[in-house]
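For reference, the structure discussed in these notes is given below.
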Amino acid sequence: MSGPAGPGTRTRWEGGGCRERPDAETQKSELGALMRTTLQRGAQWYLIDSRWFKQWKKYVGFDSWDMYSVGEHNLFPGPIDNSGLFSDPESQTLKEHLIDELDYVLVPAEAWNKLLNWYGCVEGQRPIVRKVVEHGLFVKHCKVEVYLLELKLCENSDPTNVLSCHFSKADTIATIEKEMRKLFNIPADRETRLWNKYMSNTYDQLSKLDNTVQDAGLYQGQVGGPKACPSRQLCPGC
């Protein structure tokens, strides 16, 4: 039985579809240029399991010292497979303490889209997309935020209905409010106030909707929520 076609061919996939890939040299040059993209605040980057990416590099001869088996059938990487990064395949939650370059590689959105178009992705897997955020008080530097912040959300400080949600530090308070309106079925035309609850059971109103999660000083596991006026309240971090 013959193996997958080499670079620069059409490969038939289950369901009768097929994907067309450019030759190895084109794949290398296009991805190589994109991998030199500099990090820009707010840009989206994608995680790819290092095992799959290394296999792809071998298949197309990406590294100049490893070009002896370009296009060989036994090196074909198949669809992008990030299963090795998940602690739970069902929820697709990332394993803790993953290391850049060792466990995963980060690629800009355009590079991800090209690889997805050329190779597809394992059925049922969602892309692992993350934002670039700024770090540092005085000297700013950009970094891809691999692990999102988990906030506990509730309405009207109700401890019996606390939901966990993940947000980027670059997300705004308005983004949290929008998500909470959806989660707690609060109409868009209903006035709400968003509050942050501290462990001391004190509250701080999150009134600046254009502030980011980082600006507001929210931290992992913190409770809050909306309080919808006049009788309901939104409160992230209950």
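The values are calculated or read from the model by the stated rules, or taken from the named source; none is laboratory data. Since the model is a prediction, treat every value here as computed from it, not as a measurement. So basically every Cβ, Gly included, is an ideal-geometry build from the backbone, and we count neighbours across all protein chains shown.
Quick notes on this structure:
- Selected residue (only one of 61, 78 is over 18 Å from residue 126 (Cα atoms) and assigned by TED's automatic domain parsing to the domain that holds residue 131): 61
- Selected residue [within 30 Å of residue 194 (Cβ to Cβ), out of contact with any Cys (no Cβ under 7 Å at 6 or more places or on another chain) and aromatic (Phe, Trp, Tyr)] from 62, 53, 138: 138
- Selection count, the stretch 162-197, where residues are more than 30 Å from residue 43 (Cβ to Cβ) and without any contact (Cβ under 8 Å) to a residue 12 or more places away in the chain: 3
- Wholly within the stretch 56-169, strands (runs of 3 or more DSSP E) carrying at least 1 residues that are within 21 Å of residue 25 (Cα to Cα): 104-108
- Check on residue 128, loosely packed, with under 11 Cβ neighbours inside 10 Å, more than 30 Å from residue 203 (Cα to Cα) and at pLDDT 90 or above: no
- Consider the stretch 142-160 and keep the residues that are in contact with a strand residue (DSSP E or B) (Cβ under 6 Å, 6 or more places away or on another chain) and either free of Cβ contacts under 8 Å to residues at least 12 places away in the same chain or of a type in the set (Asp, Glu) (or both). The one that is farthest from residue 192 (Cα to Cα) is 145.
- Residues of the stretch 60-117 satisfying the condition of being among the acidic types (Asp, Glu) and within 18 Å of the chain's Cα centre (by Cα): 81, 88, 90, 96, 100, 101, 103, 110
Each row is one residue, and each column tells you yes or no for (1) surrounded by 13 or more Cβ atoms within 10 Å (Cβ to Cβ); (2) under 26 Å from residue 134 (Cα atoms); (3) touching a Gly at 6+ places or on another chain (Cβ under 8 Å).
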{"site": "45", "(1), (2), (3)": "yes, yes, no"}
{"site": "74", "(1), (2), (3)": "no, no, yes"}
{"site": "113", "(1), (2), (3)": "yes, yes, no"}
{"site": "117", "(1), (2), (3)": "no, no, no"}
{"site": "121", "(1), (2), (3)": "yes, no, no"}
